[in-house]
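What follows is a set of notes on a single structure, which appears directly below.
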Amino acid sequence: MKVSVPYAELSEMVAAKTGKNICFEYGSCRGEGVVKFLGVPCSVRILGVVSKSVTLFYNVSLSSSQDFEEGSFFDRVRKHIKRKVETAGNKTIDVIISDIIKHPAISVIDDNTVAVNLEKIAKLNDLLEKVEISDVFFDETGLCADMKLLRRMNNDI
């Protein structure tokens with residue numbers, strides 16, 4: 001079975017919980033989403049689901065209509081500044097996750113990679129007793145999860 005949360009609803013849920021206006025949208029391919037906070041886009045890719053833990057990779061990526069591969073001095077300076085800003089953005093996200101959010105379900109694995117232990121999210125405990133999550137991904141409609149009912153649940157029906 002597939003369960004989906006539309007991007008608008010996901011944004012509303014996060015805003016209600018955090019008081020922050022964070023926008024979620026589809027990335028460039030299945031499995032990739034974009035999170036925007038203060039107008040800065042952060043690409044999020046789901047690396048995998050193991051047991052009841054989801055591993056994510058994120059990367060701040062500043063897009064530009066200018067071709068930074070040009071050979072002029074100013075193009076090279078812009079490319080260098082862009083890389084430095086993206087690196088600083090990723091380091092800032094690391095700090096926000098580990099020092100500010102401090103949610104017991106979220107842990108930084110290394111630079112740009114986090115794990116979300118779904119068992120440590122209290123509101124998911126009842127659901128996780130009844131289903132096994134085989135995949136979590138972003139698609140055109142929102143954040144999705146593929147699940148199957150556990151046998152215990154099937155025997156109770």
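Stretched out straight at 0.36 nm per residue, the stretch from Leu150 to Lys123 would grow longer than its current Cα-Cα span by 7.9 nm. The distance separating the Cα centre of region 107-150 from that of region 6-32 comes to 15 Å.
Read-outs: derived from the displayed coordinates by stated rules, not from any lab. Keep in mind it's a predicted model, so treat the numbers as computed, not measured.
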